[in-house]
1. Determine whether region 41-63 contains at least one residue that is in contact with a Ser or Thr (Cβ under 9 Å, 6 or more places away or on another chain), at pLDDT 90 or above and over 30 Å from V116 (Cα atoms).
2. Considering only residues that are of a type in the set (G, A, S) and either within 22 Å of T85 (Cα to Cα) or without any contact (Cβ under 8 Å) to a residue 40 or more places away in the chain (or both), which ones fall in region 18-58?
3. Tell me, please, whether a residue that is in contact (Cβ under 8 Å) with a residue 12 or more places away in the chain, touching a Phe, Trp or Tyr at 6+ places or on another chain (Cβ under 8 Å) and crowded, with 17+ Cβ neighbours inside 10 Å can be found in region 122-136.
4. Being assigned to a helix (DSSP H, G or I), among the small types (G, A, S) and within 21 Å of R140 (Cβ to Cβ) is true for just one of A76, A108, A84. Which residue is that?
5. So for region 47-59 (the condition being under 14 Å from the mean Cα position of the chain (by Cα), under 14 Å from R142 (Cα atoms) and part of a helix (DSSP H, G or I)), does at least one residue qualify?
6. Going through region 139-180 one residue at a time, which ones are among the small types (G, A, S) and either farther than 15 Å from A21 by Cα or part of a helix (DSSP H, G or I) (or both)?
7. Just name the residue that is nearest to Q42 (Cα to Cα) out of those in region 104-120 that are at pLDDT below 85 and of a type in the set (A, V, I, L, M, F, W, C).
8. Please pick out the residue among V49, V37, V100 that is buried (at least 17 other Cβ atoms within 10 Å of the Cβ) and either β-branched (V, I, T) or within 27 Å of F144 (Cα to Cα) (or both).
Amino acid sequence: MTWSTLAWIAAALLLFWGIGAYNRLMRLRNAIGEAFVQLDLQLGARAEVGERLLAMLRPALESEQATFDALDSAQAEVQAAVLATRAKPYAGDPVASLAVATAVHAAALTRLMSLVEHHGELGPQAEIQAALAELKLIERQRAFSRQVFNQAVSQYNEAAKQFPTRVLASLYGFTEARSL
């Protein structure tokens with residue numbers, strides 16, 4: 001074999017490696033998006049049940065308007081963060097905003113659940129308890145979806161940091177993804 005033949009073989013191997021590494025990074029980045037879709041569904045379901053629960057509780061707990069306003073505001077922040085994250089669930093800034101918004105929303109929901117426990121005179125108790133049970137189920141599902149999302153992010157970040165794929169990742173703009 002001549003040196004030129006060896007050089008062509010080396011170039012072909014390098015090209016095939018580059019294509020494979022790029023495709024792997026794309027597949028892992030797409031897995032983040034797929035995991036986010038499930039999380040997005042859980043956040044939407046949580047918002048729907050939360051709105052239904054608020055509609056049932058507002059008449060009975062008129063004195064707790066500040067709690068309702070905080071929950072409404074937190075839900076609006078979550079929706080805005082979800083919209084920003086949908087476009088690029090692998091981008092750091094939108095996911096960071098979503099993490100903060102979901103934490104604020106979780107705190108507001110905890111406050112609302114505490115109010116429900118302390119007030120026994122809340123009208124149709126069966127409907128309220130059913131909504132609370134549904135909300136708790138959705139929260140467990142959301143936690144699982146969040147775990148799957150974080151695992152996808154971890155796998156992508158790990159692959160993007162490995163040498164020599166790291167060089168290709170920086171060349172093609174594969175930036176580090178953020179967990180929730």
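1. no
2. Those that are of a type in the set (G, A, S) and either within 22 Å of T85 (Cα to Cα) or without any contact (Cβ under 8 Å) to a residue 40 or more places away in the chain (or both): G20, A31, G33, A35, G44, A45, A47, G50, A55.
3. Checking region 122-136: not a single residue is in contact (Cβ under 8 Å) with a residue 12 or more places away in the chain, touching a Phe, Trp or Tyr at 6+ places or on another chain (Cβ under 8 Å) and crowded, with 17+ Cβ neighbours inside 10 Å.
4. Working: A76 fails: within 21 Å of R140 (Cβ to Cβ); A84 fails: within 21 Å of R140 (Cβ to Cβ).
It is A108.
5. Scanning region 47-59 turns up no residue that is under 14 Å from the mean Cα position of the chain (by Cα), under 14 Å from R142 (Cα atoms) and part of a helix (DSSP H, G or I).
6. Passing the criteria: A143, S145, A152, S154, A159, A160, A169, S170, A177, S179.
7. M113
8. V49
The values are calculated or read from the model by the stated rules, or taken from the named source; none is laboratory data. Keep in mind that this is a model prediction, so the values were computed, not measured. Reconstructed Cβ throughout: ideal geometry from the backbone, glycine too, with neighbour counts over all protein chains shown.
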